[in-house]
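What follows is calculated from the coordinates using simple rules that are stated; it is not laboratory data. Quick caveat: nothing in here was measured; it's all calculated off a predicted structure. Every residue, glycine as well, gets a Cβ built from its backbone with ideal geometry; the counts of neighbours run over all protein chains shown.
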């Protein structure tokens, strides 16, 4: 999937997350995230809506490989597939969901700007987004096009993640 950062509508993304949070509250459905390149931005969007404490058990910002492993992502997965991979994103989503006994887990890993000198599999503009629930798992590779700040890139990733979460809720 590709997204052009110049086409991201911040207000629309904010409104979508408000709808997601209200739907999660209505369904009493718990959610948590494990985010790397988005640094907790998706969790922040979820908690921007009043009442979100009823459905957000917590969130993990695991910017380094060590932090991911410390929170429970198997080191073997990172070693075998790379930190920037569908497999790692899925493990992040599964791990945060299970760790906090949530209904839905969201995992995000990737690179926005410069290549990551600590990880050879870094491809600027390539992000992996995974969603895990008891009966559903999916992971997409998002290619970010266009020039934009890190915040704009975070909105682009959040927009793609929102579509995946909405798919679970419909």
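Largest GNM mean-square fluctuation among 37, 29, 96, using the chain with Cα springs under 10 Å: 29. Within the listed set 34, 92, 56, the Gaussian network model of the chain (springs between alpha-carbon atoms below 10 Å) gives the highest mean-square fluctuation for 56.
Between residue 145 and residue 44, what length in nm is gained on full extension when 0.36 nm per residue of separation is reduced by their alpha carbon distance? Length difference between fully extended and current span is 34.0 nm. Panel order for 131, 83, by other beta carbons found within 10 Å of each beta carbon, from fewest to most: 131, 83. Once label points are set 7 Å from the Cα along Cα→Cβ at both residue 120 and residue 15, what is their separation, rounded to one decimal in nm? Placing both labels 7 Å along Cα→Cβ, they lie 4.7 nm apart. How many percent of DSSP beta bridges within segment 2-169 run antiparallel, rounded to 5? Roughly 55 percent of the beta bridges in segment 2-169 run antiparallel, per DSSP.
Over 28 Å, how big is the tail of the calculated P(r) for segment 2-169, in percent of all Cα pairs? Result for the distance tail: 15 percent. For the pair segment 114-170 and segment 34-108, the centres of their Cα atoms are 12 angstrom apart. The label-point distance for residue 28 and residue 63, in a model that sets each label 7 Å from Cα toward Cβ, rounds to 3.8 nm.
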